[in-house]
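The values are calculated or read from the model by the stated rules, or taken from the named source; none is laboratory data. Everything numeric here is computed off the predicted structure, so don't read it as measured data. Neighbour counts are summed over all protein chains in view; Cβ atoms, including those assigned to glycine, are modelled from backbone coordinates with ideal geometry. Just so you know, the surface numbers come from the protein's heavy atoms only, side chains and all, with ligands and any DNA or RNA stripped out. Shrake-Rupley method; radii C 1.70, N 1.55, O 1.52, S 1.80 Å.
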Amino acid sequence: MVRLSVNINKIATLRNARGGDSPSVVEAAEKIQKFGAQGITIHPRPDQRHITRKDVYDLKEVVYTEFNIEGNPSTEFIRMVLDVKPDQVTLVPDADDAITSNAGWDCRNHQSKLSDIVATFKQAGIRTSVFLDPNPDMVEYAYRTGTDRIELYTEGFAKSFARDSQSAIAPYVQTAELASQCGLGINAGHDLSLDNIKYFATHIPGLLEVSIGHALISEALYMGLENTIQAYLKRLATWS
Ligand SMILES: CC(=O)[C@@H](O)[C@H](O)COP(=O)(O)O
Ligand SMILES: NCC(=O)COP(=O)(O)O
């Protein structure tokens with residue numbers, strides 16, 4: 001089964017536009033889980049532009065599905081994740097001023113740093129995932145970090161999908177096949193949407209989980225949150 005983890009950063013973006021607590025990320029997480037999503041993802045950034053430190057702790061109390069925290073493993077981030085103990089931590093090499101995540105890890109050049117961080121989280125019983133470009137050459141180095149999973153960075157796929165779906169998916173299939181051979185679990189995310197999710201899930205062998213935020217929350221403006229989540233689950237269930 002491919003699990004749907006809903007990224008609720010954008011709920012916090014909307015809330016922060018006015019201060020106060022509306023819409024509430026806690027209520028959103030509760031509803032999203034009730035509507036059938038199998039996980040909640042957040043990506044607290046150092047400037048707290050959407051998810052705040054307080055949100056991370058508040059959400060810990062209400063997330064009973066899989067709790068996935070993404071972020072750049074700064075000392076402060078590592079400390080917070082070890083304290084909160086989510087089910088999964090996804091390591092992303094974000095620059096502090098990046099508008100959104102825009103690249104996977106160079107696991108070759110960051111081998112030793114990543115290995116240490118992965119070991120720290122695993123010792124604490126937290127599953128690790130490493131954000132990776134669709135580059136088969138990087139899989140061996142990702143494997144050497146000791147990570148449990150990789151998360152395929154899917155912006156490139158999403159951008160090229162409408163023009164040429166076969167070329168768009170090809171590097172992801174190659175990377176996923178190699179990762180599976182190494183025993184790595186496979187997650188994916190970034191710019192996945194109702195338009196492209198079924199094709200992606202159909203073609204990626206061993207896909208375990210997708211985390212989806214921006215498109216899902218945008219689609220929910222017109223379809224409603226429950227209908228939108230149901231639509232994703234339907235598309236993902238076809239290929240379970
Ligand atoms: C890791 C990743 O792919 C990102 O999509 C991220 O979680 C989204 O972050 P923003 O919501 O800050 O753009
Ligand atoms: N890991 C990707 C994620 O959580 C959501 O990315 P996006 O759907 O907001 O682009």
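Brief remarks follow.
- A 1.4 Å probe run over segment 65-164, with the rest of the protein chains in place, finds 45 Å² accessible per residue.
- Sites K122 and S180, calculated FRET efficiency, Cβ-Cβ separation with R0 25 Å, nearest 0.05: 0.80
- The chain, accessible surface, carbon-and-sulfur percent (1.4 angstrom probe): 49
- Between T13 and T100, residue separation times 0.36 nm minus the direct Cα-Cα distance comes to 30.0 nm.
- DSSP-loop trypsin sites (Lys or Arg not before Pro) across segment 1-56, with at most 13 other Cβ within 10 angstrom: R18, R49
- For segment 151-240, the set of trypsin sites (Lys or Arg not before Pro) satisfying both a DSSP loop assignment and a count of at most 12 other C-beta atoms within 10 Å is given as R163.
- Prolate/oblate/rounded label for the chain (Cα gyration tensor, a/c 1.5): oblate
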